[in-house]
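The values are calculated or read from the model by the stated rules, or taken from the named source; none is laboratory data. What you see is a predicted model, and the numbers here were worked out from it, not measured in a lab. Ideal geometry is used to build each Cβ from the backbone, glycine not excepted, and the neighbour counts take in all protein chains shown. Heavy atoms of the whole protein, side chains included, go into the accessibility calculation; ligands, DNA and RNA do not. Shrake-Rupley method; radii C 1.70, N 1.55, O 1.52, S 1.80 Å.
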Amino acid sequence: TTQSADDNSTKVATTAYVDALEVSSTLSEILANGNTSGANDIIMADLRKIYFGTDSDFELSHNTGGNSFVNHLGTGTLFIRNNTSEQAVKLQAKNSLDVVNDYIIINGSTERTEFGKNVEIKSGHELYFHDALEIWHNGGNSNIINNTGDLIITQKTDDGDIIFKSDNGSGGVTEYFR
């Protein structure tokens, strides 16, 4: 049938549906209204967050500056876990050449944490090996402290030396002993 010019029933129904979409604030309301991208994706606008937990203490969000956030607001621990045997968890980033690199790999098959790029420890912070060995720089001096057992330095290269060098007092570096 044809709707008459004076019949606003379709306009009222359409307006009610659109108004319902605009006030939807929870994921269940959005899904109930069919407001998704159409496939298997859920698209959230910038500055909108997806909350998990009864107290909304875990959130995923994206801002207008292109930054994405995983934010744990609860009192417990945030776990990032790969339950697939002998596989890895990778932290990756794209460099200035637009190449994605592995920066940290937690490798289940080798049971090692691998750093794919240089690691910088800021001045005044220490690198601890259990409580046995400490390495740090305090802004003026570099320090290596062994707290347990002997400090052993081993050179395994055939005919290789262990060489200690220092400033020579004239702007250069010279060998002190080997």
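For the stretch 90-112, which residues satisfy the criterion of being open to solvent by 80 Å² or more (accessible area, probe 1.4 Å) and closer than 27 Å to I152 by Cα?
Of everything in the stretch 90-112, those that are open to solvent by 80 Å² or more (accessible area, probe 1.4 Å) and closer than 27 Å to I152 by Cα turn out to be E111, R112.
Taking the condition of being assigned to a loop (DSSP other than H, G, I, E, B) and open to solvent by less than 60 Å² (accessible area, probe 1.4 Å), how many residues in the stretch 53-64 meet it?
Total meeting the criteria: 4.
Could you list all residues from the stretch 50-97 that are closer than 25 Å to R112 by Cα and of a type in the set (D, E)?
Of everything in the stretch 50-97, just one residue is closer than 25 Å to R112 by Cα and of a type in the set (D, E), namely E86.
Being among the polar types (S, T, N, Q), out of contact with any helix residue (DSSP H, G or I) (no Cβ under 7 Å at 6 or more places or on another chain), exposed (fewer than 11 other Cβ atoms within 10 Å of the Cβ) and not in a loop (DSSP other than H, G, I, E, B) narrows it down to one of T75, T174, so name that one.
That would be T174, the only listed residue that is among the polar types (S, T, N, Q), out of contact with any helix residue (DSSP H, G or I) (no Cβ under 7 Å at 6 or more places or on another chain), exposed (fewer than 11 other Cβ atoms within 10 Å of the Cβ) and not in a loop (DSSP other than H, G, I, E, B).
I'd like the full set of residues that are open to solvent by 90 Å² or more (accessible area, probe 1.4 Å) and part of a loop (DSSP other than H, G, I, E, B), limited to the stretch 158-171.
D158, D159, S170 - these are the residues of the stretch 158-171 that are open to solvent by 90 Å² or more (accessible area, probe 1.4 Å) and part of a loop (DSSP other than H, G, I, E, B).
What are the residue pairs meeting all of these: first residue in the stretch 124-135, first residue over 18 Å from I153 (Cα atoms), second residue polar (S, T, N, Q) and surrounded by 11 or more Cβ atoms within 10 Å (Cβ to Cβ), Cβ atoms under 8 Å, and 6 or more apart or on different chains?
Qualifying pairs under 8 Å: G124/N138; D131/N147.
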